[in-house]
Amino acid sequence: MSAPLGLPMVYLVDDEEVLRDALAWLLRSRRLLSEGFASAEAFEAFVDRQQASRGSRWPQAPSCLLLDVRMPGLSGLALFDRLVERGLVATLPVIFLTGHGDVPTAVSAVKRGAFDFVEKPFSDNALVDRIEQALDASRAELESGRAREIVEHALAELTEREREVMRLVIEGRPNKLIADALGISVRTVEVHRARVFDKMRVGSAVELANLLRGAGQPSGAG
């Protein structure tokens, strides 16, 4: 059984300290943890450190990013593009904080994968609702990724013969036809079939097929 996910975290990237403090207070009042950064460069350096120590396994807890569109230096939009390149916006959904003039830019970012944008001045309740929805999306993506890893690890434990039997089981062939196709005895098929089900932690061919499909594996699993 995999370890539970960590506590949700909201990252705040805005050059205005007063806004970061206000957002941090708002999140604390809703029992949400947060961490603030005064620039896109500071947050990117933080991400670099996290990935250097944990690789692609960061974030390991449900997370989202509140990101100002306009900042001195690296803009929020440029940071977003770099996060997209890193493949992070599924596990780290981005909510843009934008002034009225930046709405078209924020809408364009949403079309490229940003979770949403919130126009300043914003409603506290509406903002927290969207943050919680972003955290839920992050949690679902992290859990899905863990499920894929578990399936991939189980598949790696199968022998080549077990893989052959598994492919034919998924096709719906009875043991006798599997035995004929592979040139082995029905009893040997039964043994391999039982081992496949045990290693994949399933109880039926239908459950096995659904497990592979849900993990994004081809029905033949390689």
Test: residue 97 is on the phi < 0 side of the Ramachandran plot and part of a helix (DSSP H, G or I): no
Exception for residue 151 within (1) of a type in the set (A, V, I, L, M, F, W, C); (2) in contact with a strand residue (DSSP E or B) (Cβ under 7 Å, 6 or more places away or on another chain); (3) touching a residue at least 60 places away in the same chain (Cβ under 8 Å) falls at (2)
Output the number of residues of the range 153-194 satisfying the condition of being closer than 16 Å to residue 217 by Cα and loosely packed, with under 14 Cβ neighbours inside 10 Å. 3
Which one of 220, 145 is surrounded by fewer than 16 Cβ atoms within 10 Å (Cβ to Cβ), under 30 Å from residue 87 (Cβ atoms), in the same structural domain as residue 62 (by TED's automatic domain parsing) and at pLDDT below 95? 145
Acidic (Asp, Glu), farther than 20 Å from residue 127 by Cβ, assigned to a helix (DSSP H, G or I) and assigned by TED's automatic domain parsing to the domain that holds residue 142: is that true of residue 81 in this structure? yes
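The values are calculated or read from the model by the stated rules, or taken from the named source; none is laboratory data. For clarity, every value in this text was computed on a predicted model and none was experimentally measured. So basically every Cβ, Gly included, is an ideal-geometry build from the backbone, and we count neighbours across all protein chains shown.
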